[in-house]
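Novice: Attaching a single structure in structure tokens format; questions to follow.
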Amino acid sequence: MTNDLPPAVAIIGGGFSGAATAYHLARIGGDAVRILIFEQRDAIGAGLAYSTLDPSHRVNVPARRMTLDPDEPDQFSQWLDQNDALGDDPDAVLPDGRRFPARHLFGRYVREMLEPVLASGCVRHIRSAIARVRPSTRLGWALETSGGELYQADVVVIATSHPPPMPPEILTGGLAGQPKFVADPWAPGALDGIDASDRVLIVGTGLTMADVVASLERKGHAGHITAISRRGQRSRAHARKPVEPYGDFLTPPSRTALDLVRRVRRAVRPDRPWQGLFDCLRTQGQGIWRALPLAERRRLIRHIRPFWDTHRFRIAPQVDALLDRRLASGSLDIYAASLRSADADADGLHVSFKRRSGRTERQTFDAVVATTGPGHSDVLTSQPFLADLLNAGRVVVDPTGLGLPVDEKSRLLGKGGANDSLFVAGPLARGQFGELMGLPEVTHHAVLVANGIIEALSCVMASAAE
């Protein structure tokens, strides 16, 4: 920090986690802090999830539960009304009044909420990737962009979340170079080469699979689609009408994964939708997680996470109805199967997979789309600055394998304890906080991080004044 400038905070990553942190930091700190947000995209706030322009990609929770500001829970819903954002999308509104708009609208809302602080100069958007982060010869940190530019910051916030997709090696090895092998369904125009009558294999059956089917349907695809994953589970649907959370898993909290699973099973009520039970688990999630010893957290990740993800991360009712129609018509099949081999010739893309029954099949497809998701296991090596920090011994992998180790204030933990000038915002802090993939949780976490930064900066300013 120089004598004539406020302290600087560098936020690496301008998706929703980084944008929310910048928004709340600007609100709390005002002119007393300079905020630099490094994001290569033209706009901040959308990230991977909300940058899609496909109108068939809808938010996965009702709009009334989405907001940038926890103190204004209806902010996004009010924004939709003020901008008549759903005027040309009547399908977004369900008969019971719940609204599931296109995801790009939420990205636009976040951008507009940030416009005042960007215009004032309180937040500065730098369209560059960070290559290196090193302790500065002065106080704070030196950040070097991929283009070689240097920046100084008193505090650094790591807000990267989703690394690039990591398709199965069987597909990348056997189908490399094939024009109709889609390794990254989020790449611009990724599905444009798939013809209306093509036989399509989708590897992965979660939320991204549902998005791909919705996109193909919008483009007029009428061919057969096969979707496979090891468990063959598709993301579950919302209840047919709004439900209230029910259950209690914190008095007292479970100390083992087995006890937690047993309590959940006992709490299921045949007269109430299971979604209400899972909504309770979500709201109590951080308390549940913190009560579990490390070994039990690992056990929960290893055995329960796939089932949790399909029930917790639900799909919009409109997309769920589309999958149901496809399944009923026979134009979509979803199997529990694991890949065995893949190759290609003039006749098509040949993929062998073993069904859960034990039978191995070899089928021919015109197109193959990988929807197995980002390579979270390699997140520290996929980001150059994180790989550099890892090689320098300044960061380590969280013992749960979910990201970076942080304390209760989301300060990065190292050999010497918590670092007052390095924070982690968003999903990379899951090892400490548990549920940090859903938007409401990320929003609350951004407030926590912003308050922690202001507290840390007060110490920096006090030291500089001495």
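The values are calculated or read from the model by the stated rules, or taken from the named source; none is laboratory data. This one's a predicted model, so the numbers in the text were calculated from it and none came from an experiment. When we count neighbours, we look across all protein chains shown, and the Cβ atoms used for this are built from the backbone with ideal geometry, even at glycine.
Novice: Condition first: aliphatic (A, V, I, L, M) and either in contact with a Ser or Thr (Cβ under 9 Å, 6 or more places away or on another chain) or surrounded by fewer than 19 Cβ atoms within 10 Å (Cβ to Cβ) (or both). Now tell me which residues in region 10-34 satisfy that.
Specialist: Those that are aliphatic (A, V, I, L, M) and either in contact with a Ser or Thr (Cβ under 9 Å, 6 or more places away or on another chain) or surrounded by fewer than 19 Cβ atoms within 10 Å (Cβ to Cβ) (or both): ILE11, ILE12, ALA20, ALA26, ILE28, ALA32.
Novice: So which of ASP248, ASP184, ASP198, ASP279 is out of contact with any His (no Cβ under 8 Å at 6 or more places or on another chain) and buried (at least 16 other Cβ atoms within 10 Å of the Cβ)?
Specialist: After ruling out the rest, the residue left standing is ASP279.
Novice: With the requirement that a residue be of a type outside the set (D, E, K, R), under 23 Å from ALA429 (Cβ atoms), outside any strand (DSSP E or B) and more than 24 Å from the chain's Cα centre (by Cα), what does region 128-178 give you?
Specialist: GLY140
Novice: Kindly establish whether PRO188 is within 20 Å of the chain's Cα centre (by Cα), without any contact (Cβ under 8 Å) to a residue 40 or more places away in the chain and at negative phi.
Specialist: yes
Novice: Another question about this same structure. Where in region 384-466 are there helices (runs of 4 or more DSSP H), lying wholly inside it, with at least 2 residues that are outside the structural domain of ILE130 (by TED's automatic domain parsing), without any contact (Cβ under 8 Å) to a residue 12 or more places away in the chain and not hydrophobic (A, V, I, L, M, F, W, C)?
Specialist: No helices (runs of 4 or more DSSP H) qualify here.
Novice: Which one of these does GLY220 not meet: (1) modelled with pLDDT under 95; (2) loosely packed, with under 15 Cβ neighbours inside 10 Å; (3) at positive phi?
Specialist: Of the numbered conditions (1) modelled with pLDDT under 95; (2) loosely packed, with under 15 Cβ neighbours inside 10 Å; (3) at positive phi, the odd one out for GLY220 is (1).
Novice: Scan region 286-316 for residues that are closer than 20 Å to VAL243 by Cβ, of a type outside the set (D, E, K, R) and at pLDDT below 90 and jot them down.
Specialist: Selection gives PHE307, TRP308, THR310, HIS311, PHE313.
Novice: I've got another one for you. Filter region 219-236 down to the residues that are closer than 15 Å to SER331 by Cβ and in contact with a Phe, Trp or Tyr (Cβ under 8 Å, 6 or more places away or on another chain) and list them by number.
Specialist: Across region 219-236, the qualifying residues are THR226, ALA227.
Novice: If we keep just the residues of region 94-117 that are among the aliphatic types (A, V, I, L, M) and not in a helix (DSSP H, G or I), which is surrounded by the most Cβ atoms within 10 Å (Cβ to Cβ)?
Specialist: ALA102
Novice: Let me ask another. Identify the residue in region 337-370 that is touching a Ser or Thr at 6+ places or on another chain (Cβ under 7 Å) and closer than 18 Å to GLN233 by Cα and, among all such residues, is surrounded by the fewest Cβ atoms within 10 Å (Cβ to Cβ).
Specialist: Among those that are touching a Ser or Thr at 6+ places or on another chain (Cβ under 7 Å) and closer than 18 Å to GLN233 by Cα, it is LYS354.
Novice: Quick one: which helices (runs of 4 or more DSSP H) lie wholly within region 1-83 and hold at least 1 residues that are assigned by TED's automatic domain parsing to the domain that holds SER421, in contact with a Phe, Trp or Tyr (Cβ under 6 Å, 6 or more places away or on another chain) and aromatic (Phe, Trp, Tyr)?
Specialist: 47-50, 75-82
Novice: So which residues in region 318-329 are surrounded by fewer than 19 Cβ atoms within 10 Å (Cβ to Cβ) and touching a residue at least 60 places away in the same chain (Cβ under 8 Å)?
Specialist: Those that are surrounded by fewer than 19 Cβ atoms within 10 Å (Cβ to Cβ) and touching a residue at least 60 places away in the same chain (Cβ under 8 Å): GLN318, ASP320.
Novice: Something else about it: Could you check, for region 43-62, whether at least one of its residues is among the basic types (Lys, Arg) and surrounded by fewer than 22 Cβ atoms within 10 Å (Cβ to Cβ)?
Specialist: Checking region 43-62: not a single residue is among the basic types (Lys, Arg) and surrounded by fewer than 22 Cβ atoms within 10 Å (Cβ to Cβ).
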